[in-house]
Amino acid sequence: MKKLELHWQILIGMVAGVLFGFAMTYPEWGATFVQDWINPLGTIFVKLLKLIAIPLILASLIKGISDLKDISQFRNIGVRTIMIYISTTVVAITIGLLLVNVLQPGEGISQDTIAQLTETYAGDEQVTSKLEEASKQKESGPLQFLEDMVPDNAFNALGDNSLMLQVIFFTIFMGISMLLIGEEAAKPLKNVFDSLNDVVLKMVDLIMLTAPVAVFALLANVVVTSGDPDLLLALLKYAGVVLLGLLLMIVFYSVVVATFTRYNPLTFLSKITPAQLLAFSTSSSAATLPVTMERVEEHLGVDKDISSFVLPVGATINMDGTSLYQGVAAVFISQALGFDLTFGSQLTIVLTALLASIGSAAVPGAGMVMLVIVLEAIGFPADKLAIGLALIFAVDRPLDMCRTVVNVTGDATVSMMVAKSLGRTLHPKVKNWDDNLDEVK
């Protein structure tokens, strides 16, 4: 790792995985071989990252809160974080709507292509499952997300990665309670979580040793399961609009970092590249969270008391890339199927996509569920929802990979903005997996 930067190792693994996947696409046995013998390596890697995600949130967030010594400091961090996340999400949705209205990718989709996509994907099990999940969320009350945030059993919450908000709530509750009982009484428990935090971060370093091989496996599997290339080409204009919007969001983050924090944006992007590459490979902000925290704390120098709150919360409620995709996809589907959108409908898209992003699962495919909620909010015909999802399903996975990169980049950007707004200086302190190896020999 010291001879070759980690992001270059991962990038090489990505390129090799894509090339290997294309090579295995044509033989009849190729796809089966990749899924049976290559993909498990990537799956194990993702499981390892998810394995340590909740322990990392628990340990780092409690350590961060207990280090503050003052509840008012935590309030300042929380208010700034939520407000900035909401602001960047609105910017993302606005960029998406502007691009899709100007470029109008839905106007170029022929009726034959719509019929072919509908026949191929409308009855797909994954499409129908998204519709069912969205239907359940629609039936819930307006404050359901607040109700879902509070666990009735801490151990159940800690045992389920999809209950990230419940874990954050419990952890914040515990951290504040530790502050209120006084430093002396809280010290033994604080020492436990401080030690746990160090151990979990070391586990991140060890897991990352396998990252290049795992990324190779994940990308090879994506290529061999990518579906009909002719359908992918038919949706190229739509995918191009989404990718352009996501690229503009990266530019937006770079400008914010340069102007607000006075940090070199190129250096910023290079420091978080490993997290971005893993986000691209896994399509999961939650799985990438341990790596994001390690890069932001050790390589960008953001204090743990800030990053330990901003990043876990961001992995759950900050879906800038996904929200931008909601705007583009909703208007694209409406254009392709001849459903007229008024200015009021587009404002509804902004509001609904913003609200839907809060509490959305930080896992692959969550954006499709959010999209159904957005389409229903603008009055899109219920009998055409499956057709609408079928139109974009073919390119959803590769776009999901790209928008997760934007989500993770946004999390890192906001953590730096919050640190700067509180007058914190950045103190990078890089740690390697073998720093203490001499002590155990």
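The values are calculated or read from the model by the stated rules, or taken from the named source; none is laboratory data. None of the values given here were measured: they were computed from a predicted structure. Heads up, the Cβs are rebuilt from the backbone with ideal geometry, glycines too, and the neighbour counts pull from every protein chain shown. Side chains are part of the model used for accessible areas, which takes the heavy atoms of the whole protein and leaves out ligands, DNA and RNA. Shrake-Rupley method; radii C 1.70, N 1.55, O 1.52, S 1.80 Å.
So the values come out like this:
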{"item": "Computed Kirkwood radius, in angstrom, where 1/r is averaged over Cα pairs of the chain", "result": "22.5"}
{"item": "Ile181 paired with Asn156, simple spin-label distance in nm, labels 7 Å along Cα-to-beta-carbon", "result": "2.5"}
{"item": "Relative contact order (percent, whole number), the range 282-441, Cα cutoff 8 Å, 6+ residue spacing", "result": "42"}
{"item": "Inverse mean reciprocal Cα-Cα distance (Kirkwood Rh) of the range 294-336, Å", "result": "12.5"}
{"item": "Surface/4 of the Cα convex hull for the range 392-441, nm²", "result": "6.8"}
{"item": "q = 0.10, 0.19, 0.21 Å⁻¹, the range 187-302: log10 I(q)/I(0) [Debye, one scatterer per Cα]", "result": "-0.46, -1.16, -1.24"}
{"item": "Alpha carbon centroid spacing (whole Å) that separates the range 312-353 from the range 1-64", "result": "30"}
{"item": "Stretch gain in nm, segment Leu244-Lys69, where the contour uses 0.36 nm per residue and the Cα spacing is subtracted", "result": "58.6 nm"}
{"item": "Accessible area expressed per residue, the chain, with surrounding protein chains retained (probe 1.4 Å, Å²)", "result": "44"}
{"item": "Sulfur and carbon atoms: percent of accessible area, the range 238-343 [1.4 Å]", "result": "69"}
{"item": "Å³ per residue enclosed by the Cα convex hull of the range 137-222", "result": "146"}
{"item": "Three-way shape call for the range 297-441 based on the alpha-carbon gyration tensor, with the a/c threshold at 1.5", "result": "prolate"}
{"item": "Nitroxide proxy distance, nm - points 7 Å out along Cα→Cβ at Ala115 and Asp340", "result": "2.7"}
{"item": "The range 1-70, accessible surface, carbon-and-sulfur percent (1.4 angstrom probe)", "result": "68"}
{"item": "Relative contact order computed over the chain (Cα-Cα under 8 Å; 6+ residues apart), in percent", "result": "31"}
{"item": "Net lengthening on full extension, Leu422/Arg262 (0.36 nm per residue, minus Cα-Cα)", "result": "56.2 nm"}
{"item": "Per-residue [θ]222 nm for the chain (sum of -39500 (n - 2.57) over DSSP H runs n ≥ 4, rounded to 500)", "result": "-24500 deg cm²/dmol"}
{"item": "Across Lys47/Lys420; Lys63/Lys420; Lys63/Lys271; Lys50/Lys304, pairs whose alpha-carbon gap is larger than 22 Å", "result": "Lys47/Lys420; Lys63/Lys271"}
{"item": "For the range 59-114: span of alpha carbons on each principal axis (Å, largest first)", "result": "63, 22, 9"}
